[in-house]
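Shown next, in structure tokens, is the structure this report addresses.
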Amino acid sequence: MAETVIISLIAGLATCFGALVVLMIGNPREKTLSALFGLAAGIMLAVIVLDLLPSALEQGTFRQTAAGFSIGIIVMLVLDLVLSQVYPPLKSNSNQTAYFRKMGYLVGIGIALHDLPEGIAIAAGFSAQQHLGLVIAVAIGLHNIPEGMATATPLKIGKVPDLTILLLNIVLSLFTPVGAIIGLLLLNLSPGHVALLLAVAAGAMTYIVKNELLPESRRRHPNYATLGGIIGFLFILVLGFVH
């Protein structure tokens, strides 16, 4: 349990790394962000197709896998809808500093809500096999780097102090290990539900890839998005062969 929580914390702290990049070298170029989002999307897609779904089918039935996959998508959809209602899209106004500051905080709230199911995914992976847990943690860690950048960039433009931005990202990074602890508790209560949780993780990650990572990546630069996606997918493919 301790190892799972520590590794999930490291994956979560990747958010801080992304924020530090912005604080030290300024706002990243669009091509850089596109490649990073594409890389995270490719890695997550490979984890879903090559690891999560096959492991879920191996651990349980097709019905469990299909149900878990659907639940994962629905959970992420509900989170998005709730955020959209509670925090409607921001409109620019004359006070640009306040506008970007508010935007940064809202991005942070969204990331925190998404990090909980990601932590559960790490716990489910480790419960299935050590290799799968590590692969999921790597994928989520890489995914968290551009998320940290996405949080820090508007806050930096909004003239929020660097220390405040860093502390906010440290708090955000804790949601991943909290999710992992929740996942471990669920598995201890119902160890037979490993397949279901693996499929839930696959569904949640599929939603993130399709509705967040790929659109954001391609909007910034389609070619760099494709390149990052291919590299990310091949990285996990090679990692599987090495293992």
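Structure values in brief
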item	result
Eligible aspartates and glutamates near K31 by straight Cα distance, threshold 19 Å, same-chain separation 8 or greater	E147, E212, E216
In sequence order, calculated HN-Hα J values of the range 195-202 (Karplus, 6.51, -1.76, 1.60; Hz; x Gly/Pro)	4, 5, 5, 4, 5, 4, 4, 4
Unit charges at the beta carbon, dipole of the chain: most positive-side option, I25, I6, G148	I25
Linear extension gain, H131 paired with I170, 0.36 nm per residue minus alpha-carbon span	11.4 nm
Nearest-0.05 FRET efficiency for E58 and F17, computed from C-beta distance (R0 35 Å)	0.55
Length released on extending from V78 to I6, taking residue separation times 0.36 nm less the Cα-Cα span	23.0 nm
Spatial separation of Cα centroids for the range 16-63 and the range 106-181, in angstrom	11 Å
Neighbour count of at most 15 Cβ within 10 Å plus DSSP loop: longest trypsin sites (Lys or Arg not before Pro)-free window in the chain	160-243
GNM result for the chain, Cα springs below 10 Å: residue of M205, M24, M44 fluctuating most strongly	M24
Mean projection area, nm², convex hull over Cα of the range 122-243	8.9 nm²
Of S55, S217, S190, the one that fluctuates the most in a GNM where the chain has Cα springs shorter than 10 Å	S190
Full-stretch length increase - M24, I230 - with 0.36 nm per residue and alpha-carbon distance subtracted	71.3 nm
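FYI, it's all coordinate maths here, none of it is from the lab. Every value quoted in this text rests on a predicted model; they were computed, and no experiment measured them. Cβ atoms come from the backbone with ideal geometry, glycine included; neighbour counts cover every protein chain shown.
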